[in-house]
1. Can you go through A:Glu254, A:Glu309, A:Glu300, A:Glu264 and tell me which one is surrounded by fewer than 20 Cβ atoms within 10 Å (Cβ to Cβ), more than 13 Å from ligand 2 (Cβ to nearest atom) and over 17 Å from A:Leu192 (Cα atoms)?
2. When you scan the stretch B:55-62, do you find a residue that is among the hydrophobic types (A, V, I, L, M, F, W, C) and within 14 Å of chain A (Cβ to nearest Cβ), even just one?
3. So, A:Asp218, is that one in contact with a Ser or Thr (Cβ under 6 Å, 6 or more places away or on another chain), surrounded by fewer than 22 Cβ atoms within 10 Å (Cβ to Cβ) and farther than 30 Å from A:Ala288 by Cβ or not?
4. Kindly evaluate A:Ala183 against the criterion of being small (Gly, Ala, Ser) and away from ligand 1 (no atom under 13 Å from the Cβ).
5. Sort out which residues of the stretch B:14-37 are of a type outside the set (D, E, K, R) and in contact with an Asp or Glu (Cβ under 9 Å, 6 or more places away or on another chain), and write them in order of number.
6. Can you find, within the stretch A:27-45, the residue that is nearest to ligand 2 (Cβ to nearest atom) among those that are modelled with pLDDT of 90 or more and in contact with a Leu (Cβ under 7 Å, 6 or more places away or on another chain)?
7. Which of (1) more than 14 Å from chain B (Cβ to nearest Cβ); (2) more than 12 Å from ligand 1 (Cβ to nearest atom); (3) closer than 21 Å to A:Gly189 by Cβ does A:Leu13 not meet, given it meets every other one?
8. Out of B:Arg22, B:Arg9, which single residue is within 14 Å of another protein chain (Cβ to nearest Cβ) and either within 26 Å of A:Ile180 (Cβ to Cβ) or among the acidic types (Asp, Glu) (or both)?
Amino acid sequence: MNQNHADPPLAILAELTHRCPLRCPYCSNPTALVGRSGELSTAEWADVFRQAADMGALQVHMSGGEPAARKDLEKLCQAAVDAGLYINLITSGLMIDGARLDRLAAIGVPHVQLSVQGSDAAMCDAVGGYDGAFAIKQDFARAVVARGISLTLNAVLHRANCHQAGDMITMARDLGAARIEVAHTQYYGWGLLNRDGLLPSRDQLDDVTRIVEQARKDSGADLQIDYVVPDYYAETPKACMAGWGRRFLTISPEGKVLPCHAAETVDHLTFDTVRDKTLSEIWYDSPAFNTYRGTDWMPEPCQSCDLKEVDWGGCRCQALALVGDAGATDPVCSKSGQREKLLDALTDAAVSPKAGPDIWTYRQF
Amino acid sequence: MTTPDTVYRYAPGVMLRHDKLRDAHILNAPEKLIVLDGPGHAIASRIDGAQTVAQIIVALCELTGLPDTQIGPDVTGFIDDLAGKGLIRAVTP
Ligand code: SF4
Ligand code: SF4
């Protein structure tokens, strides 16, 4: 078994569409969005789910954009259940009414992850760029819990709303959620474009961390709180996707198979689509997956580092975006010698209180 | 707190399945996947909203032929871990 040996994927992220009624300025979708006409058909997705399950995948994350922007979402969920996949439905909650939710519950969708942009209507509606979103999301959350479906809230934090972290956790508890992900924005796609209006200051980050730690003590097991910090402030990078091509794959709306949802930015690689090859051929044999799989590709200081099979050298997309080389050590790492690439952004976050609709570029086609 | 009389059931969205490809029992949960070993599965498959923790311990003693002084803490530890992760919930009597 060589170092780059690949195990079967555990889960797949199906980006069913890039269409979405919201326009979050941190959206991780690529800045060049795929329109409806380019999307895979119902039958093509059903085939992808069967192939993924046959390869050994156990879960599918139905995502987007807004997955419910696809009129055939129920058919796609049925196909995933038939294939034996566990469904995590990741939604803005804006396009699923009671009747639709009844159908999804009947099909056997076990878990819904609902995005929340703020703890009150003013913030939530301003960040998502959609008047009335907050009220719809609240109703949707209650409807999910009432149907016995497990609910996770996904609270995305940034400079403008991170003071609401505690209130968002309280909201999760009041709505009957089993989990909340308190996740700082990751800087890809639209998030990277808007980074200088999103990145929190060190003080803001420390406040959120304190709030999360206290809330964990208070809520015990009834509310699970996952916490994702912005890795710009870390000393070692995150293990992006648990390593390139190790556990997960993403399928874009047009069927491109990607090691992570931001991987298309690594433009020296060619990503095959499920229209051209089988999922298995792409996962095991494609240069796109094998280039950064395992540890052989790593430069120093990663190559001789004890953590190389812990964080897998960090994120390739971040290395490309900040250092200009997808094969470099993630500049977040203090050993990379490239941390100055982050410092401008951090300095700006410390001195600039600017955030909000006036300076954000909202997501658009 | 887990006592010998506590009865647990799975939280919504948590389900046990067998994975043929890996020949392993899996707990599928929201954004979580737990691969169970033999004893783990023997316990997990008895969490059914009916059996008490004490009954599960007796069943595992019979299964393994080991005394409950040895099995008891393992079973309780495993169950506490699942409860702490919110994957199982005590059934209110
Ligand atoms: S981040 Fe916002 S805009 Fe992007 S897909 Fe999610 S809800 Fe839609
Ligand atoms: S040197 Fe490489 S492997 Fe080591 S901590 Fe930094 S990024 Fe991770």
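The values are calculated or read from the model by the stated rules, or taken from the named source; none is laboratory data. Model, not experiment: these values are computed from the prediction. All Cβ positions, glycine included, derive from the backbone under ideal geometry; neighbour counts span all protein chains shown.
1. A:Glu254
2. The answer is no, given that none of the residues of the stretch B:55-62 is among the hydrophobic types (A, V, I, L, M, F, W, C) and within 14 Å of chain A (Cβ to nearest Cβ).
3. Judged against the criteria, A:Asp218 is not a match.
4. It is false that A:Ala183 is small (Gly, Ala, Ser) and away from ligand 1 (no atom under 13 Å from the Cβ).
5. B:Leu21, B:Ala24, B:His25, B:Ile26, B:Val35
6. A:Trp45
7. Going through (1) more than 14 Å from chain B (Cβ to nearest Cβ); (2) more than 12 Å from ligand 1 (Cβ to nearest atom); (3) closer than 21 Å to A:Gly189 by Cβ one by one, A:Leu13 breaks only (1).
8. B:Arg9
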